[in-house]
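Trainee: One structure follows; several queries about it will come next.
Nothing in this text is a laboratory measurement; each read-out follows from the coordinates by a stated rule. A quick note: this is a predicted structure, and the numbers were derived from the prediction, not measured. Positions of Cβ are backbone-derived with ideal geometry, glycine not excepted, and every protein chain shown enters the neighbour counts.
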Amino acid sequence: MINEPEKYTKCDSCGAKILEKSAIEVDGRTLCGDCVVKNTNKDVAKVEKIAKKKRDQAYELERQAITLKQKKRGVLLLIIALAAFGVVQIVTHMNKPEPVKSISIDFSKKLPVAKSLITIGIYKYSADKQKLPISLNELYPQYLPTGVDSAFKYFSYKQLDDSSYELEIIRQETDETNESDHNEK
Ligand SMILES: [Zn+2]
C-alpha cells in the first residue's frame with residue numbers, strides 16, 4: 001500500500017489552503033466549504049430579494065388594476081344614474097299633462113286652478129321664448145292643458161314690462177266649490 005501525499009489547493013474566494021479532495025467546484029471556481037456556504041447564502045438572499053421585488057411589483061400592478069376598475073365602475077354608475085334621472089325626467093314630462101287632459105274639467109268653475117295652470121303656462125312660455133306672451137291665447141294649446149282656454153274670459157292679463165305681468169280673475173262664474181281669495185273685484 002502506497003501512501004500518496006495529500007494534495008493541497010487554494011480557495012479562489014478566501015485564499016485558504018485546502019485539501020484538493022475537499023475543494024468544491026462552483027461555476028468553474030475552486031472553493032472551500034465555508035465559501036460555498038457563504039456563496040449559497042448570498043445567492044439565496046439575492047433570489048429572495050428578486051422574488052420580493054417581483055411580488056411587490058405584482059401587488060402594485062394588481063392594486064392599480066383594482067383602482068382603475070373601481071374608477072371605471074364609479075364612472076359607469078354615474079352614467080347609469082344620469083341616464084336613469086334623464087328617463088325619469090322624460091317620463092315625468094310626458095306624463096305631466098296626462099291626468100289633466102284625460103279628465104274633463106270645467107275650468108270656469110275652478111278659476112283658482114285655472115289661474116295656477118295659466119301661471120305655470122306663462123312661466124313655461126317665457127322660459128321657452130325668453131319673453132312674456134302678449135295675450136293668454138298665445139299659451140294655448142302648447143303651454144296649457146286642454147280646456148283651460150275656456151276660462152280665459154274670466155281673466156285679465158296684462159304685460160307690465162319685459163319681465164313682469166299681472167294676471168287677475170275679473171269675474172266669478174259660479175262659486176259652488178271654490179272660495180277665491182284672489183278675486184278682489
Ligand atoms: Zn474559502
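Trainee: Along the charge dipole of the chain, pointing to its positive end and built from +1/-1 on Cβ of Lys, Arg, Asp and Glu, which listed residue (SER164, VAL91, VAL44) has its Cα farthest out?
Mentor: So the residue furthest toward the plus end is VAL44.
Trainee: Any idea what the dipole of segment 104-169 comes to, in debye rounded to 20, about its Cα centre with Lys/Arg Cβ at +1 and Asp/Glu Cβ at -1? Could you put the intermediate results ahead of the total?
Mentor: Values: 8 positive and 8 negative charges, 37 e Å.
Magnitude of the dipole: close to 180 debye.
Trainee: Hey, what did the chain get for relative contact order, percent, Cα under 8 Å, at least 6 apart?
Mentor: Values: 163 pairs, mean separation 23.5, N = 185.
Relative contact order of the chain: 13 percent.
Trainee: If I build a Gaussian network model for the chain, linking alpha-carbon pairs within less than 10 angstrom, which residue out of LYS110, LYS53, LYS38 has the largest mean-square fluctuation?
Mentor: LYS38
Trainee: Another one. May I ask you to derive the FRET efficiency for ARG171 and ILE79 from their Cβ-Cβ distance with R0 = 45 Å, giving the value to the nearest 0.05?
Mentor: On the way: r = 53 Å, r/R0 = 1.19.
The value I calculate is 0.25.
Trainee: Something else about it: Helix-only estimate, please: 222 nm mean residue ellipticity of the chain, summing -39500 (n - 2.57) across DSSP H runs of length 4 or more and dividing by its residues, to the nearest 500.
Mentor: Numbers: 3 runs with 88 residues, N = 185.
Mean residue ellipticity, 222 nm, calculated: -17000 deg cm²/dmol.
Trainee: Can you flag which of LYS124/LYS158; LYS115/LYS158; LYS109/LYS153; LYS109/LYS158 are past 20 Å Cα-Cα? Intermediate results must be reported in sequence, preceding the final value.
Mentor: On the way: LYS124/LYS158 17 Å; LYS115/LYS158 14 Å; LYS109/LYS153 12 Å; LYS109/LYS158 22 Å.
In this structure, LYS109/LYS158 lie more than 20 Å apart at Cα.
Trainee: What number in nm² do you get for the chain if you take the convex hull of its Cα atoms and divide its surface by four?
Mentor: Values: hull surface 105.3 nm².
Directional mean of the projected Cα hull area for the chain stands at 26.3 nm².
Trainee: Which GluC sites (Glu not before Pro) in segment 1-84 sit in a loop by DSSP (not H, G, I, E or B) and have at most 11 other Cβ atoms within 10 Å of their own Cβ? Mind dumping the intermediate values first?
Mentor: Numbers: sites: GLU6, GLU20, GLU25, GLU48, GLU60, GLU62; in loops: GLU6.
Answer by residue number: GLU6.
Trainee: Measure nothing fancy, just the Cα-based angle from helix 33-95's long axis to the longest principal axis of the chain, in degrees from 0 to 90, nearest 10.
Mentor: The answer is roughly 10 degrees.
Trainee: Would you mind computing, in nm to one decimal, how far apart the modelled labels at LYS38 and THR67 are, each placed 7 Å from Cα along Cα→Cβ?
Mentor: About 4.3 nm separates the two model spin labels.
Trainee: Just subtract the alpha-carbon distance of LYS131 and SER156 from 0.36 nm times their residue separation and send over the number in nm, one decimal. Walk me through the numbers on the way to the answer.
Mentor: Numbers: separation 25, 0.36 × 25 = 9.00 nm, distance 1.85 nm.
Going from the current span to full extension adds 7.2 nm.
Trainee: What's the magnitude of the charge dipole for the chain around its Cα centre, counting Lys and Arg as +1 and Asp and Glu as -1 at the beta-carbon? Answer in Debye, nearest 20.
Mentor: Details: 30 positive and 27 negative charges, 252 e Å.
It comes to approximately 1220 debye.
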